[in-house]
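Below is one structure, written out as structure tokens; the observations come after it.
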Amino acid sequence: MSPILITIIDATVKSAIIILTLLTGFAYTTVLERRFIARLQSRIGPNRAGPWGLLQPVADGIKLFFKEDVVPVNADKVIFTLAPALTAIPALIVLAVVPIGEDITLFGYTTSLGLTDTNVGVLYILAVTSLAVYGVALAGWASGNKYSMMGGLRASAQMISYELALALSILAPVMMVGSLSVGDIIDAQRGRWFLFLQPVAAIIAYITLLAETNRAPFDLPEAEQELVAGYMTEYSGMKFAAFFMGEYIKMIAVSAIWASLFLGGYRFLGLEYLLGGWMGPLILGGKIVASLMFMVWIRATFPRFRYDQLMQFGWKVLLPLSLLNLAVTAVLIVLDVIPVFS
């Protein structure tokens, strides 16, 4: 078999596994959220569909599949239909540059656990995460509804505001490693996680990634008390489900990204070499689940920002802090106070 054909098959199989894992993870992240919030609020949560409620996502999917697909008369029908896909697709492809384990050997063929580790992985992540705003903004505009339009405008302003602080906070570990490769950043954390070397950058990155996913307390584009459901007001059936699929997949994706940049990714005390290299994905999966539970905890704990508070927090707090942290990091690197891992 030719090397080119082997490479194509390898990439195709890995892509299918990543997408299937994200789709399955999205379904059971909804169960995790509902059961965990119920626990925090002394309720039971979904427990009827299947053992321990594990078939609840299947029941929800069947229900949404048979819901009527309503399209408003005044909607731009083409963009209205495409918008949910524009929201979900970036979430599905953003993890292409995140390694999830050491190289393994299967049937005499050595391959990496992860689709690719390009030398501009961080730029790819920033580029793809910024694309999600188009789906939300276009959904609001195409619906022909004032509440949807306001939700789309809020989403655009929110993502633009918080992406600046996100990029500046991610630059701190990039400067310490001297590489834009996510794999290089993970390898540099063998001795100590960047969470401890760059705590300010790690906290800002987590907050901004949370805002990128439109999760509470940053869920102003939906804000059901103010905007009915914001940019999703006119959507029903599987189109409505696609927006939630994009949101929950983004939760998984940003958790994996943050864990890779600040928590050592799939590495943990050398245990990633166990099970023939298959321990790496399990370690990364554990960190992702912990991050997801923290996101759910935040949703159950903090009230939603007012819109003016949201914008002020992004522009007047996070952006100056991220700039200051980046400047201090540069000075400390020049003075050899903090290590450079290149």
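The values are calculated or read from the model by the stated rules, or taken from the named source; none is laboratory data. Note that the structure is a prediction, hence the values are computed from the model and not measured. All Cβ positions, even for glycine, are placed from backbone atoms using ideal geometry, and neighbour counts span all protein chains on display.
Just checking, which of T29, T12 is hydroxyl-bearing (S, T, Y), out of contact with any helix residue (DSSP H, G or I) (no Cβ under 9 Å at 6 or more places or on another chain) and under 21 Å from A253 (Cβ atoms)? Walk me through how you get there before you give the answer.
Details: T29 fails: out of contact with any helix residue (DSSP H, G or I) (no Cβ under 9 Å at 6 or more places or on another chain).
The unique qualifying residue is T12.
For L23, the stated conditions hold: it is under 26 Å from M295 (Cβ atoms), at pLDDT below 90 and either of a type outside the set (V, I, T) or touching a Phe, Trp or Tyr at 6+ places or on another chain (Cβ under 6 Å) (or both).
Could you check the range 90-115 and list, in sequence order, the residues that are surrounded by 15 or more Cβ atoms within 10 Å (Cβ to Cβ) and free of Cβ contacts under 8 Å to residues at least 24 places away in the same chain? Listed by number, the list holds a single entry, S112.
For the subset of the range 128-180 comprising residues that are charged (D, E, K, R) and in contact (Cβ under 8 Å) with a residue 12 or more places away in the chain, which member is surrounded by the fewest Cβ atoms within 10 Å (Cβ to Cβ)?
Here is the first cut: in the range 128-180, the residues charged (D, E, K, R) are 146, 154, 163.
When the remaining residues are screened for being in contact (Cβ under 8 Å) with a residue 12 or more places away in the chain, the result is 154, 163.
Working: R154: 26, E163: 18.
Within the range 128-180, the match that is surrounded by the fewest Cβ atoms within 10 Å (Cβ to Cβ) is E163.
Screening L40, L32 for residues that are in contact with a Ser or Thr (Cβ under 9 Å, 6 or more places away or on another chain) and within 15 Å of F294 (Cα to Cα) leaves exactly one candidate, L40.
Here's the yes/no breakdown for (1) part of a helix (DSSP H, G or I); (2) at pLDDT below 85; (3) over 28 Å from M149 (Cα atoms):
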| site | (1), (2), (3) |
| --- | --- |
| V73 | no, yes, no |
| I79 | yes, no, no |
| V94 | yes, no, no |
| E102 | no, yes, yes |
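Taken over the range 235-280, the criterion of being over 29 Å from G140 (Cα atoms) and among the polar types (S, T, N, Q) is satisfied by S260 alone.
Among the numbered conditions (1) surrounded by 16 or more Cβ atoms within 10 Å (Cβ to Cβ); (2) within 19 Å of the chain's Cα centre (by Cα); (3) not polar (S, T, N, Q), the only one that I17 does not meet is (1).
Got a sec? Which of S179, S112 is over 21 Å from E234 (Cβ atoms), touching a strand residue (DSSP E or B) at 6+ places or on another chain (Cβ under 8 Å) and not in a helix (DSSP H, G or I)? Before the answer, list the steps.
Details: S179 fails: touching a strand residue (DSSP E or B) at 6+ places or on another chain (Cβ under 8 Å).
Of the residues listed, the single one that is over 21 Å from E234 (Cβ atoms), touching a strand residue (DSSP E or B) at 6+ places or on another chain (Cβ under 8 Å) and not in a helix (DSSP H, G or I) is S112.
In the set L310, L220, only one residue is crowded, with 16+ Cβ neighbours inside 10 Å and modelled with pLDDT of 85 or more; that residue is L310.
Restricting L263, L197 to those that are of a type in the set (A, V, I, L, M, F, W, C), within 19 Å of the chain's Cα centre (by Cα), modelled with pLDDT under 95 and closer than 21 Å to I170 by Cβ reduces the list to L263. The set of residues from the range 20-53 being loosely packed, with under 11 Cβ neighbours inside 10 Å and in a helix (DSSP H, G or I) comprises L20, P51.
Can you find, within the range 213-233, the residue that is farthest from M245 (Cα to Cα) among those that are assigned to a helix (DSSP H, G or I) and in contact with an Asp or Glu (Cβ under 7 Å, 6 or more places away or on another chain)? Don't jump to the end; show me each part of the working.
First, the residues of the range 213-233 that are assigned to a helix (DSSP H, G or I): 224-227, 230-232.
Within this subset, residues satisfying the condition of being in contact with an Asp or Glu (Cβ under 7 Å, 6 or more places away or on another chain) are 230, 232.
Numbers: G230: 17, M232: 13 Å.
Here the residue is G230.
Return yes when I203 is at negative phi, modelled with pLDDT of 90 or more and surrounded by 20 or more Cβ atoms within 10 Å (Cβ to Cβ) and no when it is not.
Details: at negative phi: yes; modelled with pLDDT of 90 or more: yes; surrounded by 20 or more Cβ atoms within 10 Å (Cβ to Cβ): no.
In short, no.
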